[in-house]
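**Student:** Below is a structure I'd like to ask you about.
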Amino acid sequence: MNRLINRKNIIRFFATSAVILSSLTVASCHDAKATKETAESSLGDPRPDDALNKLMRSLAEGDAPGFAALCVYPIVRPYPLKDIEDSLAMVDYFPILIDMPLRERMKKGKLDEWSNYGWRGWSIGDDRPIWFDEGVQFIDYQSPAETGLRKMLAREELKTLAPAYRDGWTPVMTLIQTDGHSVIRIDANGDEYRMMAFDNTVDVSGKPSMFLLGSLREEGSAGSRTFEFADSIGTKAEYSPDSEASDRVFFSGPKAACREMNVRQGYWRDVVRH
């Protein structure tokens with residue numbers, strides 16, 4: 001699976017700078033001018049009214065096939081949930097992803113609530129649950145059902161590890177070596193991160209072959225991520241999932257020397273033998 005097929009779906013919108021549309025109080029003789037000004041951002045991009053109306057209608061009516069046809073795939077979901085790879089998968093997942101509160105919101109939604117955020121596309125409201133740019137590119141919204149599923153999968157994943165590596169940690173991602181048998185997992189505990197490597201997936205219930213602690217650095221308006229790890233003897237690792245080097249983990253140090261491991265992003269539950 002290639003999580004880089006749709007570049008916009010990789011980007012996590014950690015910090016966004018909104019382009020605020022001016023608030024207009026206009027007499028009826030200026031309705032046409034007000035409509036035009038509201039439909040354009042400060043960047044001059046026309047608002048895709050027909051597409052946004054179709055999007056809101058499909059959500060309000062619970063039209064899973066109609067909504068699925070508007071999406072640009074894959075639609076990234078937060079790990080350990082699986083990305084939604086195509087329209088058939090979206091139709092199946094729709095009842096978990098889209099709940100009644102979001103449907104009711106879209107039922108009452110108006111075009112004037114949509115704002116343009118430059119390269120990020122269009123979104124609605126202050127919380128910006130859905131991003132649209134020639135199609136639905138990203139869905140920030142998480143229903144209670146999806147949140148519950150995510151927590152359940154995270155608990156199941158951590159149960160495969162030795163007890164000493166479970167408490168307090170949340171799965172972030174799994175990296176599978178493409179030219180070998182190793183598997184790497186990255187977990188978070190607040191602002192602290194760890195990287196654990198296992199030489200094979202037959203038994204991950206013991207001590208990992210590599211254990212590094214580190215942090216996450218985000219750069220640019222896109223919030224591009226770089227994980228940096230190290231141990232007490234100087235072994236270091238770096239991984240940038242949103243860059244062109246997302247297929248490589250870089251290692252350095254007294255034992256690792258300078259080397260790369262070719263990887264692909266995957267799912268722990270798909271590669272670990274329970």
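The values are calculated or read from the model by the stated rules, or taken from the named source; none is laboratory data. Computed from a prediction, not measured in an experiment: that's the story for all the values here. Backbone-built Cβ (ideal geometry, glycine too); neighbour counts: all protein chains shown. Only protein heavy atoms, including side chains, enter the accessible area calculation; ligands, DNA and RNA are left aside. Shrake-Rupley method; radii C 1.70, N 1.55, O 1.52, S 1.80 Å.
**Student:** Determine the pairs where a residue that is under 11 Å from Gly125 (Cα atoms), located within region 102-113, has a partner that is hydroxyl-bearing (Ser, Thr, Tyr) and at pLDDT below 95 with Cβ atoms under 6 Å apart, the partner being 6 or more residues away or on another chain.
**Tutor:** Asp112/Thr38
**Student:** Would you be able to tell me the number of residues in region 237-274 that are modelled with pLDDT of 95 or more, over 19 Å from the mean Cα position of the chain (by Cα) and among the charged types (D, E, K, R)?
**Tutor:** Here the count works out to 2.
**Student:** Quick one: which of Arg128, Arg77, Arg105 is over 30 Å from Asp187 (Cβ atoms) and modelled with pLDDT of 95 or more?
**Tutor:** Testing whether each residue is over 30 Å from Asp187 (Cβ atoms) and modelled with pLDDT of 95 or more leaves just Arg105.
**Student:** Can you pull out the residues in region 156-166 that are among the acidic types (Asp, Glu) and surrounded by 20 or more Cβ atoms within 10 Å (Cβ to Cβ)?
**Tutor:** Correct list: Glu157 only.
**Student:** Among the residues of region 43-65 satisfying the criterion of being modelled with pLDDT under 95 and not charged (D, E, K, R), which is least open to solvent (accessible area, probe 1.4 Å)?
**Tutor:** That would be Gly44.
**Student:** Within region 60-157, considering only helices (runs of 4 or more DSSP H) that don't extend past its boundaries, which have at least 1 residues that are in contact with a Gly (Cβ under 7 Å, 6 or more places away or on another chain)?
**Tutor:** Correct list: 100-108.
**Student:** Within region 79-93, can you find the residues that are open to solvent by 10 Å² or more (accessible area, probe 1.4 Å) and either in contact with a helix residue (DSSP H, G or I) (Cβ under 6 Å, 6 or more places away or on another chain) or of a type in the set (Val, Ile, Thr) (or both)?
**Tutor:** Ser87, Val91
**Student:** Can you find a residue in region 33-40 that is of a type in the set (Gly, Ala, Ser), modelled with pLDDT of 95 or more and part of a helix (DSSP H, G or I)?
**Tutor:** no
**Student:** Taking Arg185 as the residue in question, decide whether it is touching a strand residue (DSSP E or B) at 6+ places or on another chain (Cβ under 6 Å), open to solvent by 70 Å² or more (accessible area, probe 1.4 Å) and part of a strand (DSSP E or B).
**Tutor:** no
**Student:** Which condition does Ala68 not pass, out of (1) out of contact with any Lys or Arg (no Cβ under 7 Å at 6 or more places or on another chain); (2) closer than 21 Å to Pro241 by Cβ; (3) open to solvent by less than 10 Å² (accessible area, probe 1.4 Å); (4) of a type in the set (A, V, I, L, M), if it passes all the others?
**Tutor:** Failed condition: (2).
This table checks each residue for (1) open to solvent by 10 Å² or more (accessible area, probe 1.4 Å); (2) modelled with pLDDT of 95 or more; (3) closer than 30 Å to Gly66 by Cβ; (4) in contact with a Lys or Arg (Cβ under 9 Å, 6 or more places away or on another chain).
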site	(1), (2), (3), (4)
Gly135	no, yes, yes, no
Ala154	yes, yes, no, no
Gly168	yes, yes, no, no
Pro171	no, yes, no, yes
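**Student:** Still on this model: Is region 23-30 home to any residue that is at pLDDT 50 or above, farther than 16 Å from Glu134 by Cβ, open to solvent by less than 60 Å² (accessible area, probe 1.4 Å) and of a type in the set (Gly, Ala, Ser)?
**Tutor:** Checked against the condition, which is being at pLDDT 50 or above, farther than 16 Å from Glu134 by Cβ, open to solvent by less than 60 Å² (accessible area, probe 1.4 Å) and of a type in the set (Gly, Ala, Ser), region 23-30 yields no hits at all.
**Student:** Continuing with the same structure: Only one of these is more than 19 Å from Glu156 (Cα to Cα) and more than 16 Å from the chain's Cα centre (by Cα): Gly206, Gly214, Gly223. Name it.
**Tutor:** Matching residue, one of Gly206, Gly214, Gly223: Gly214.
**Student:** Within region 111-153, track down each residue that is touching a Phe, Trp or Tyr at 6+ places or on another chain (Cβ under 9 Å) and among the polar types (S, T, N, Q).
**Tutor:** If the condition is that a residue be touching a Phe, Trp or Tyr at 6+ places or on another chain (Cβ under 9 Å) and among the polar types (S, T, N, Q), then Ser115, Asn116, Ser123, Gln137 are the ones that fit.
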